[in-house]
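The values are calculated or read from the model by the stated rules, or taken from the named source; none is laboratory data. This is a predicted model, so every value here is computed, not measured. For neighbour counting, all protein chains shown are included, and Cβ atoms are generated from backbone atoms with ideal geometry for every residue, glycine included.
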Amino acid sequence: MLDSKTARIKMKRMTELVDVINENGAVIETLPRNEVYARNLLHRCAFVLVLNSRGEILVTKRTASKDVYPSLYEIARGGTCAAGESFEECAKRELEEEVGVKNAQLEFLFDFDYKDDLVNERCRVFKCVWDGELRLQREEVESSFFASEKELRKMARERPSEFCPDNLPVLEKARRSKGLF
């Protein structure tokens, strides 16, 4: 049973507007989020890898009430860009909402596309360094911990089904990205 705050957040997410894009990234229509996901239409997402000053990566576990990939681990904060929202605005909003990180200095890493039976995303990935307090949004984030790249790669290799599938390419691409690890 969902508590009232979780139910309100879920309802807002279902009805929020999302820009559907074409292969070139141009907006072709704006639809409610639930329709974009139901029809698996290409849309924009922003991800942020949060590292501490020791180079460890923040890993979170999604709550069981999430509509996509419930109860799975994530290595990136982020989510769907709202209609008219830039990748950077989305990244900063999601950082603040999910883990309480405000005014983070984002560094662009790379773009990639991801599609499976549940999502069809044009993703922009950033990183930031954060050693401050984390405030988890309990409606979306069950738990968190920091892991070294080696620990995280081992966990993802041994238990890939426990990770959001759109996050696994982020880990591999980030490993090859200059200046991350």
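Taking segment 66-181 and the strands (runs of 3 or more DSSP E) fully enclosed by it, the elements with 2 or more residues that are touching a helix residue (DSSP H, G or I) at 6+ places or on another chain (Cβ under 8 Å) and small (Gly, Ala, Ser) are at 77-80, 141-147. Of all residues in segment 164-176, those that are more than 12 Å from the chain's Cα centre (by Cα) and either modelled with pLDDT of 95 or more or crowded, with 16+ Cβ neighbours inside 10 Å (or both) total 3.
Annotation note: of Leu42, Leu72, Leu95, the sole residue that is among the hydrophobic types (A, V, I, L, M, F, W, C), modelled with pLDDT of 95 or more and in contact with a Leu (Cβ under 9 Å, 6 or more places away or on another chain) is Leu95. Across segment 25-60, the number of residues qualifying as closer than 17 Å to Pro165 by Cβ and buried (at least 16 other Cβ atoms within 10 Å of the Cβ) comes to 8. Just one residue in the set Ser161, Ser177 is farther than 19 Å from Ser71 by Cα and either touching a Cys at 6+ places or on another chain (Cβ under 8 Å) or not charged (D, E, K, R) (or both); that residue is Ser177. For a quick check of your reading of the model, give me the residue pairs whose first member lies in segment 18-34 and is more than 14 Å from Glu85 (Cα to Cα), whose second is polar (S, T, N, Q) and at pLDDT below 95, with beta-carbon atoms closer than 9 Å and at least 6 apart or on different chains. What qualifies is Pro32/Thr15; Asn34/Thr15.
Considering only residues in segment 118-134 that are out of contact with any strand residue (DSSP E or B) (no Cβ under 8 Å at 6 or more places or on another chain) and of a type outside the set (A, V, I, L, M), the one that is nearest to Arg176 (Cα to Cα) turns out to be Asp131.
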